[in-house]
Each structure stands twice: as C-alpha cells, then as structure tokens.
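Peer 1: Just dropping this structure here.
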There are 2 protein chains.
Amino acid sequence: MTALTLDENTAARIAQAVDDGFDAQIGFLRDFVAIPSLRFQEGPAQDFVADALRARGYSVDDWTIRLADLESLPGFGPIMGDFSRARSVVGTHHPVEVKGRSLILQGHLDVVPEGPTEMWTHPPFDPVIEDGWMYGRGAGDMKAGTVAAIFALDALARAGVEPAARVHVQSVIEEESTGLGALSTLQRGYRADAAVLPEPSDFTINRAQVGALWFRLRLRGRPVHVAVAGEGSNAILAAHDVIRALQGLEADWNARATQHPVYGDVAHPLNFNAGKISGGDWASSVPAWCDVDCRMGVLPGQDLAEARAEIEACVAAASRDHPFLSNTPPQVIWNGFQAEGYVLGADADPALGVMQSAYARTFETDAPLQERKMTALTDTRFYGLYYGIPAFCIGPRAENIHGFDERVDLQSVRDLTRMLAFFIAEWCGLNPRNQRDAGDGCGVHRLG
Amino acid sequence: MTALTLDENTAARIAQAVDDGFDAQIGFLRDFVAIPSLRFQEGPAQDFVADALRARGYSVDDWTIRLADLESLPGFGPIMGDFSRARSVVGTHHPVEVKGRSLILQGHLDVVPEGPTEMWTHPPFDPVIEDGWMYGRGAGDMKAGTVAAIFALDALARAGVEPAARVHVQSVIEEESTGLGALSTLQRGYRADAAVLPEPSDFTINRAQVGALWFRLRLRGRPVHVAVAGEGSNAILAAHDVIRALQGLEADWNARATQHPVYGDVAHPLNFNAGKISGGDWASSVPAWCDVDCRMGVLPGQDLAEARAEIEACVAAASRDHPFLSNTPPQVIWNGFQAEGYVLGADADPALGVMQSAYARTFETDAPLQERKMTALTDTRFYGLYYGIPAFCIGPRAENIHGFDERVDLQSVRDLTRMLAFFIAEWCGLNPRNQRDAGDGCGVHRLG
C-alpha cells in the first residue's frame, strides 16, 4: 500500500509549523522530564500528559489499571510493589471524515532509577540544555518521543489540517519492567491499523527484538556473629556463586543463538544481568540473606516456560553441592518481564513504506531506513504478537539511556517531529481543519 | 587483694532476695527486650533504663553525646548516620560510708538488626519464654546482663544492705558499631576500681579480645542499558572481586597470627566479613554502583594505622588490572569500629579473685573460672587500654546472638544475678540499709 498523497505545499506548511512550535515543544519537554516519573510514582507525569491532551481537545481516557483484568492475557508479567495507583492515559482524535488508516502513537513515561545523583553532571530531574542536547533521566527514553508525537499533531493543526483517521496518543507506564501499561490499552480495546512507538533509535527501525525474563534470586540462610564466621554461611558470597552459574547459562544460550534464523548473525544477543543486590544488615554479622534482581534475555521463538525451567534448573544445580545453598536453595521469584521476543512481520510493510517516505521527505534523502535487531525490548511486542497490529519503533538520537547523563539530541527531536507529522499525514490522510463545526467543542482541537 | 568479708547469713539473705525478685526481673527484662533499640533508635530504651534507675533512687546522669567531645580520644570510631540524639545514662549509688572499692557495671542496649522477621520462630521484639529460654533480639546480647546488674543491686537492698562504695550502673549505646557510648562515659569522667560488663559469656571470663575495623567499599562506575551490557561494567561483580582479595588478606593475617603471643594457639582468630551489600537500581540496567560494609579483625598489638594501610593497599592491588576498577578504584571509607585488641592485665587480678569467690559461692564449686580468648570485641578495651580501669566481661548463657531466634537461658540469668550480688558485696563491701537517713530522699534507694 502506498502513501496517501501529501502535496508539496501542505508538506512545506507542516514543516514550517513544526519549526514555529519547536521552542514551545522544548519547553514542554523540559517540564515533562523534570517530573521524576519513577516506577509506582507516575501519577504526576500522567496528569501532565492528560492535561496536555485535554487542552488540545482530544477525548481523554484516563483509567486506573486493574491487575485482575490483565493477569490472564498473553505477555503478562507479575508485579512486586504497590500497583493500586497505576494509570493509563489515551487521547483520541476522532476524524470528521475518514480517508486513511488509523494509528496508535504510544509513549511510555516511566523512567528507570537515576542512581547516585553525584554521578550526574547535571541533576537528573532538572533538565539542562547544552550544545544542542537536553540532559535528564527519561529525556531520551522516551519523553522526547512522546512529546514529538503530540507536537507533530499540533503542527498539522497549525498548518490547517488534521488526520483523516482515528489517532490514539497513548501514554503508558511499566515499559521498563512488565509492559502492563501497553497491555492495559489493548485490554481496554484500543486498536489501530498500525502502532508507532517513538523510542530512541536514531532513526533506525526496530526490526526484531529479544524477549526478557525478570526474576529475583532470594537467598536465606543461617546468620551468626562474625566471631564464629566459619560456622555461618555468607549469603552475599553464595549469591555470587549463583550469579556465576547463570552467566554459564547465558553463555550456553548465546552459543545456541548462533543457529537462530534472525539472531544468528548478532554477537551475544542475550544478556544476563544481575542488576540490583541487597543483602545483610550489619558489618559484624555474617549475612543471612541476599536478594538479587536479575534479567535474562530470550530469543524470539524461545518458549518462556522452557526458559524459566532452564533458569530454575541452573539455580538448583548451582545449589546442590554448595555449602550454604544445599540446605536452603534460593527461591527464584518471577517478578517482572515475562516477555517474548518479537520480529516485525510483513504486515508492517505498508506502515514501513509510509515511514520510508516521511523519512525521505524529512532528510531529503534516497537512503533506505536502516533496520536493527535489538538486544533489548519494547512494548511493540504486545501489538504485534497478540493483537495483529503492526508495530515498530523509530525515534530520536539519545545517549546514556539507563545511565548517568542521559541526553537527547534536540535537532533529532525536531527531525522526528517533522517526520512523524509527515507520516501521520500520509498514513491517516488529512482533512482541512475548517471542516470541523466551530461549535463542536468536544471535537475541536485547540493548539497547545 | 582478697574479698571483703561476706558472712554466710548475709549471703543467704542475698540469695533469697534474688529469688524473691526474679519474677519481677523477668518481667522487666521482657519489657526491655520488647523495645527495638536498634542503632540510632535507642532513645526509648534509654528512657526505660533511666526511669528504672531513678525509681530506685540512684543519681541519674542522662546526657546527649557530642561527637566533638570524643573525636580526639583514643579508640574513637567515625559515625555514618544521625548521631544527634545519642545518649548515655549512668545511675550512681553514693555510699553513706566507704569501706570497699568502687565499681562500674556497664551494659549496652544497642542491638544488631533483626534481619528478615520471617526467619524468626518468634517475633524478634515480642519476647517469648519457652523451655526456660527467653527469645528476642538483644535478650542475650546483652539486655539480660544489664538487668541482672540492676536486680543484683535490688537484691542487696531487699536483703537490708547496700554497697559500701560508689557504684555506677552505666547504660550505653554503640557497642556493636563504634563503642562511642562507653567512650562517652569515660570522657564524662566516670571512673572506678573495676568495670564488669555482663556480656553473654556463659560464665567465662573475657581474657583477651581482638580488635576490629569497619569500612565501606564504595564502587562507582559507568552504567549502561543491559542491551549493551558488554560495554558497561557490573559494579556488583566487581565488588565481589574486591571481597575475594580481602579474603586473601584475611588469610595472610591469620597466618601471621600463629606467631602471636596470645592468639598463636587460636585457630583463625581474625575474621573478615562482608556483612551488608547494596548495589544497582534496576534489573535491566548494568549496576553502576555497589556499597559493601565490611569488618576485619585485628590482633592485640596490631597497629591500626598499619592495618588500614594494608587494607587500602589490598583494595588498590585488586583494582589495578581490573576492567572495571582500574579506571575508578573503590573508595575505602572508615565508618565504624577503629578498635584495638585488648588483653586483660594483671591489674584485673583482684577483681577476678573476687569474681572467682562469687562464682564459687553461686555454683557451690571449687572449679576455677574459665577464661576465653575472644574473636570478637567488647567495650572493655576502652576501660583497660586507655583509662587504667581493669575491665572484663562475665555473663549469662545465650545462643544465636546476632542471629535469628537469639535467646538467653533464664536459669543462667538467675545465677548471674546472684553472682553479681555476691561480687558487689565482696568488692564494694556492705553498709546496712538502715544507716541511711530516712529523710534523705536523694540517697534513698527504693526497690523497683
């Protein structure tokens, strides 16, 4: 399927409208990044997005996620923590006349922890712009992308047009831990002919992504006074022995991966990570407990139940002859991502074709969009694997995501905004803004 | 020096008085153990002791410890945490007529953390008595000992006598981490001819004790998204490499210890312990930081400055060729015990002789008191090393101190109370209670 016609004149007006709104867009992004939307604390950031969508006249759906609604759905991952205030926000544009294809634009606003703030050059939640980059936790992953989507729609309006198809701007949480935010929008019934997630990709297409399993190793043992340390067993040291065993499993799986049809040519696609540790209570007590939060990658097509069984068997084997662990083997608690890998199917080709056109127009290039095989994962899997909605990521240039001094290149944000505006125009088609009845408050899109 | 005379008749009355007060003593101990006097939270427990001492008519000194008063004193260890509400409590008995030798009875009420409560058979701060044992964090280490000292004095009063010398009942904090509570009583000027600390020892004498150094290993590095784990460096794994190096140093020091005049015959007297770990923020981020709280034993006579230099050199050597640590070597932060070892000198012989007599009378035995060389440490070092006050520990039978289901044998508590009462009588001498002017409210000791 080819793009709907976007004439040069309209395209020029759209491009100009992006530029005209860009200062406001950067201010909006700065305010958004300044909200520390860490896990289980996303409320104020969702308020910020919902207010912005309401101010533009979209129909806003803002609901509290109920775990009971999601538990039986494919892709569900268990939650450890207080999920009672978890919300999703969707702003919907309803077209006056349908000419094109409907679209989901999804951004997640949950951010990973900032770590020790003394490791940051600038404070993580007080964004600074320097040499064309905006610094801040979440600036790249992925508040800049979400804001680009909102401002791309604004630019269309400013250019006197609006999408001629249904568009859902979806603001979700939990992308970094379970994906339940995206899953909740699908459970709620949001569907479209394509879903674009402007994750930071430096304008590459997320062609394939691994899956991931999260689990906590929970070690418990017998503590003693350090005076008789030899009699006790050190849970912190025992945890390390289990980590080493899991590194062995990681090596096994990567060896197997060399035979994978998609990932066979990717070096070390599967990463095991012992990402967080907490153990013991006192320097002078032999530690009796240790918890390690782990992440293990899985290949597209790898069965998750089998993968979990292999991990549990690996932990059991490491414990069998271990002085500490043999009596009290560690628990493996599945406490987050239970995510399958995902490979973009041919059903995405029409949307990719339109994105190619928008890319060519934005960068005035004939070069094809680059595709990449990710060793991480995104929410696209829910759309693509379980709901038949072609979904992919394309987004700005960012650095140090999940690290200190995370930053996003503001020129790439401007380019992305323009590209998304072109994509929306060609995918959804355009209606003139003046077609809308001025008295129809509900449907009028005001400019932010 | 021999014991002052304690006639059989008075001894029998004292023994009976201990028994008469024992139910109340156990109730008092239970209430005391129920107060979770964890570090930096000792206030309510100090209130409890101060109230009990006031109720008995002792002069009570209850003061807030100022770090500035202590920093230049020998044995000082640095504090990490809020020390602004740290207090010491001393209750003093002033004799009407001095016949014997003055005495410090010191107990610490700080307790080590209880760890995961699900590992306890009974709740750690809701003491249960079962089969003659009282269970609870701090029951053995060392609230039972402190309570025995208070109730030994009560028993004397109930028997119609009181010490014929100055006695200080000293309730201190920080024994488990720096010893600053004991140090503060010495800075405040409390002195005596001997100091007895009824730490749980199953009626052995603390003949010699090691010293200890506390330090935090602080690792900081460059975090990355797990998608590119190979580019980052895992601070949790790097911490383990440093721990292994310090275990090597521990082995070296223990090899040297075989030549030590006192500890040469003790197997593995020096324990290194990695007791608490905290690192990373997110399962899917390669951890950029890790803190490990460590304890290393030192021998009596081992120079602490040299010991610290050896530890720092060991950490530096482990970092030199390390992929993660070579760029950012760990910090070694001295954050607690800077404690020399201590060997009981001949100046303690008179007090030990009197304790031998009290022991013989309590257990109706001719057996000598057993002495032990400790691989842990107590506050005795401050008295003995820096203030010329002979100091030793002797106390009840306890199990699982610093562990789950810590417990103290209540029969041993009864025996200890009787033994301490005999010791006080023979060390301090006795005055009849009726010698005291009934109108002298300040000096009258009421029974608790």
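The values are calculated or read from the model by the stated rules, or taken from the named source; none is laboratory data. All of these numbers come straight from a predicted model, not from anything done at the bench. Please note: Cβ atoms are built from the backbone with ideal geometry, for glycine as well, and neighbour counts cover all protein chains shown. Keep in mind that these areas ignore ligands, DNA and RNA; they rest on the heavy atoms of the full protein, side chains included. Shrake-Rupley method; radii C 1.70, N 1.55, O 1.52, S 1.80 Å.
Peer 1: Could you run through the range B:97-107 and say how many residues are assigned to a loop (DSSP other than H, G, I, E, B) and surrounded by 15 or more Cβ atoms within 10 Å (Cβ to Cβ)?
Peer 2: Just the residues of the range B:97-107 that are assigned to a loop (DSSP other than H, G, I, E, B), to begin with: B:97-102.
Still in the running and surrounded by 15 or more Cβ atoms within 10 Å (Cβ to Cβ): B:98, B:100-102.
Residues that pass the stated criteria total 4.
Peer 1: Moving to a separate point now. How many of the residues making up the range A:203-221 are closer than 26 Å to residue A:240 by Cα and aromatic (Phe, Trp, Tyr)?
Peer 2: If we filter the range A:203-221 for residues that are closer than 26 Å to residue A:240 by Cα, which is where we start, we get A:210-221.
After this cut, where a residue has to be aromatic (Phe, Trp, Tyr) as well, the list is A:214-215.
Here the count works out to 2.
Peer 1: Within the range A:394-406, restricting attention to residues that are more than 14 Å from chain B (Cβ to nearest Cβ) and surrounded by 22 or more Cβ atoms within 10 Å (Cβ to Cβ), which residue is nearest to residue A:126 (Cα to Cα)? Outline the logic, then answer.
Peer 2: Step one: filter the range A:394-406 for residues more than 14 Å from chain B (Cβ to nearest Cβ), giving A:394-397.
Now narrow it down to the ones that are surrounded by 22 or more Cβ atoms within 10 Å (Cβ to Cβ): A:394-396.
On the way: A:394: 26, A:395: 23, A:396: 20 Å.
Top of the filtered list is A:396.
Peer 1: A further question follows. In the range B:128-161, which residues are surrounded by fewer than 24 Cβ atoms within 10 Å (Cβ to Cβ) and on the phi < 0 side of the Ramachandran plot? Walk me through it before giving the result.
Peer 2: From the range B:128-161, those surrounded by fewer than 24 Cβ atoms within 10 Å (Cβ to Cβ) are B:128-133, B:157-160; that's our starting set.
B:128, B:129, B:130, B:133, B:157, B:158, B:159 - these are the residues of the range B:128-161 that are surrounded by fewer than 24 Cβ atoms within 10 Å (Cβ to Cβ) and on the phi < 0 side of the Ramachandran plot.
Peer 1: Restricting attention to the range B:283-322, and to residues there that are among the polar types (S, T, N, Q) and more than 14 Å from chain A (Cβ to nearest Cβ), which single residue is least open to solvent (accessible area, probe 1.4 Å)?
Peer 2: Filtering the range B:283-322 down to residues among the polar types (S, T, N, Q) leaves B:284-285, B:302, B:319.
Imposing the further condition that a residue be more than 14 Å from chain A (Cβ to nearest Cβ) reduces the set to B:302, B:319.
Details: B:302: 34, B:319: 4 Å².
Here the answer is B:319.
Peer 1: Right, next: How many residues does the range A:193-224 hold that are surrounded by fewer than 24 Cβ atoms within 10 Å (Cβ to Cβ) and in contact with a His (Cβ under 9 Å, 6 or more places away or on another chain)?
Peer 2: 1
Peer 1: With the checklist (1) more than 10 Å from every other protein chain (Cβ to nearest Cβ); (2) buried (at least 22 other Cβ atoms within 10 Å of the Cβ); (3) closer than 30 Å to residue A:263 by Cα in hand, flag the one item residue A:248 doesn't pass.
Peer 2: (2)
Peer 1: Can you work out which of the residues in the range B:361-372 that are surrounded by 15 or more Cβ atoms within 10 Å (Cβ to Cβ) and at pLDDT 95 or above is farthest from residue B:204 (Cα to Cα)?
Peer 2: B:361
Peer 1: Would you check if there is a residue in the range A:346-360 being within 14 Å of chain B (Cβ to nearest Cβ), buried (at least 21 other Cβ atoms within 10 Å of the Cβ) and either farther than 30 Å from residue A:419 by Cα or out of contact with any helix residue (DSSP H, G or I) (no Cβ under 6 Å at 6 or more places or on another chain) (or both)? Reasoning before the result, please.
Peer 2: At the first step, the residues of the range A:346-360 found to be within 14 Å of chain B (Cβ to nearest Cβ) are none.
Checked against the condition, which is being within 14 Å of chain B (Cβ to nearest Cβ), buried (at least 21 other Cβ atoms within 10 Å of the Cβ) and either farther than 30 Å from residue A:419 by Cα or out of contact with any helix residue (DSSP H, G or I) (no Cβ under 6 Å at 6 or more places or on another chain) (or both), the range A:346-360 yields no hits at all.
Peer 1: When you scan the range A:255-282, how many residues do you find that are in a loop (DSSP other than H, G, I, E, B) and at the interface with chain B (Cβ under 8 Å from one of its Cβ atoms)? Can you show your working first?
Peer 2: Taking the range A:255-282 first, the residues in a loop (DSSP other than H, G, I, E, B) are A:258-271, A:280-282.
Cutting the leftovers down to at the interface with chain B (Cβ under 8 Å from one of its Cβ atoms) gives us A:268, A:271, A:280-282.
The number of residues fulfilling the criteria is 5.
Peer 1: Can you tell me which condition residue B:341 does not meet? The list is (1) within 14 Å of chain A (Cβ to nearest Cβ); (2) under 28 Å from the mean Cα position of the chain (by Cα); (3) open to solvent by less than 60 Å² (accessible area, probe 1.4 Å); (4) free of Cβ contacts under 8 Å to residues at least 60 places away in the same chain, and all the others hold.
Peer 2: The single condition residue B:341 does not satisfy is (4).
Peer 1: Could we say that residue B:376 is modelled with pLDDT under 95 and closer than 22 Å to residue B:39 by Cα here?
Peer 2: On the way: modelled with pLDDT under 95: yes; closer than 22 Å to residue B:39 by Cα: yes.
So residue B:376 fits the description; yes.
Peer 1: Still on this model: Against the conditions (1) crowded, with 19+ Cβ neighbours inside 10 Å; (2) under 25 Å from residue B:336 (Cα atoms), where does residue B:168 fall short? Just the number, please.
Peer 2: Only one criterion in (1) crowded, with 19+ Cβ neighbours inside 10 Å; (2) under 25 Å from residue B:336 (Cα atoms) is unmet by residue B:168, namely (2).
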